[in-house]
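The block underneath contains the structure these notes are about, expressed in structure tokens.
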Amino acid sequence: MELQLLRLQIDPHFLFNSLNSISALTHFDPAGARAMAIDLAEFFRQTLALAGRGRIRLEEELGLVRHYLAIEQQRLGDKLDLAIQAPDDSLTALLPPLTLQPLTENALKHGLRPREDGGRLDIEVMARDGWLHLTVRNPVPAQAAAQSGLGHGLRNLRERLAAQYGSRARVHWGPTPAGFAVEITLPLETSEAPP
């Protein structure tokens, strides 16, 4: 049920804006429009395939994030700089579906899109000493502190992870010298089976 609610939280404007961008691209960049349509279809196909799954491999979650960011890259262009660091030894780690994707969406919505110059979105993953560490960092606009509602989705994520892992899951967020960061620590559990 929580996963269904999370899927419904995927910003509806993302779908509408993506379809409008695809429509606009058909006139001057048909190949770009096709690529964007494929990424959008794959993003929703993968999201719907999560039903009934309590945990997925990090590799699958990052695939979903990459499709989402490919669409946003078409829309934002040079305004979005992206770096994903996930060593091979972390890709089989298990985590609840839609752990990183909503954080990525929030980073763009609250951090990068409002900035005229955009910025860099960093996603870092590290598997060490029996723990999976996930970090999402982004710059924020100067007026970000005045925005209302910031943190509601983060509190929901903390509660969802606590329900699954108890006190073994940690979620911290807050300002950094370069903007804003969300850090998640989960027990490292892996699956060697292909996704």
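Look at the range 154-187 and say how many of its residues are within 20 Å of the chain's Cα centre (by Cα), in a loop (DSSP other than H, G, I, E, B) and surrounded by fewer than 19 Cβ atoms within 10 Å (Cβ to Cβ).
Counting residues in the range 154-187 that are within 20 Å of the chain's Cα centre (by Cα), in a loop (DSSP other than H, G, I, E, B) and surrounded by fewer than 19 Cβ atoms within 10 Å (Cβ to Cβ) gives 1.
Of the residues that make up the range 97-109, is at least one over 23 Å from H172 (Cα atoms), surrounded by 17 or more Cβ atoms within 10 Å (Cβ to Cβ), out of contact with any helix residue (DSSP H, G or I) (no Cβ under 8 Å at 6 or more places or on another chain) and modelled with pLDDT of 80 or more? Before you say what the answer is, go through the steps one by one.
As a first pass, look at the range 97-109 and keep what is over 23 Å from H172 (Cα atoms): none.
There is no residue in the range 97-109 that is over 23 Å from H172 (Cα atoms), surrounded by 17 or more Cβ atoms within 10 Å (Cβ to Cβ), out of contact with any helix residue (DSSP H, G or I) (no Cβ under 8 Å at 6 or more places or on another chain) and modelled with pLDDT of 80 or more.
Please determine whether any residue of the range 171-179 is closer than 19 Å to T92 by Cβ and among the polar types (S, T, N, Q).
There is no residue in the range 171-179 that is closer than 19 Å to T92 by Cβ and among the polar types (S, T, N, Q).
Please find, within the range 42-62, the residue that is surrounded by the fewest Cβ atoms within 10 Å (Cβ to Cβ) out of those that are closer than 23 Å to A127 by Cβ and among the charged types (D, E, K, R).
Restricting to residues being closer than 23 Å to A127 by Cβ and among the charged types (D, E, K, R), the top hit is R53.
Wholly within the range 45-139, which strands (runs of 3 or more DSSP E) include no fewer than the required count, namely at least 1 residues that are polar (S, T, N, Q) and either touching a residue at least 60 places away in the same chain (Cβ under 8 Å) or closer than 23 Å to A163 by Cβ (or both)?
So the answer is 131-138.
Just checking, how many residues over the range 25-43 are among the acidic types (D, E) and under 17 Å from the mean Cα position of the chain (by Cα)?
From the range 25-43, those among the acidic types (D, E) are 29, 39, 42; that's our starting set.
Now narrow it down to the ones that are under 17 Å from the mean Cα position of the chain (by Cα): 39, 42.
The qualifying residues number 2.
The values are calculated or read from the model by the stated rules, or taken from the named source; none is laboratory data. For clarity, every value in this text was computed on a predicted model and none was experimentally measured. All Cβ positions, even for glycine, are placed from backbone atoms using ideal geometry, and neighbour counts span all protein chains on display.
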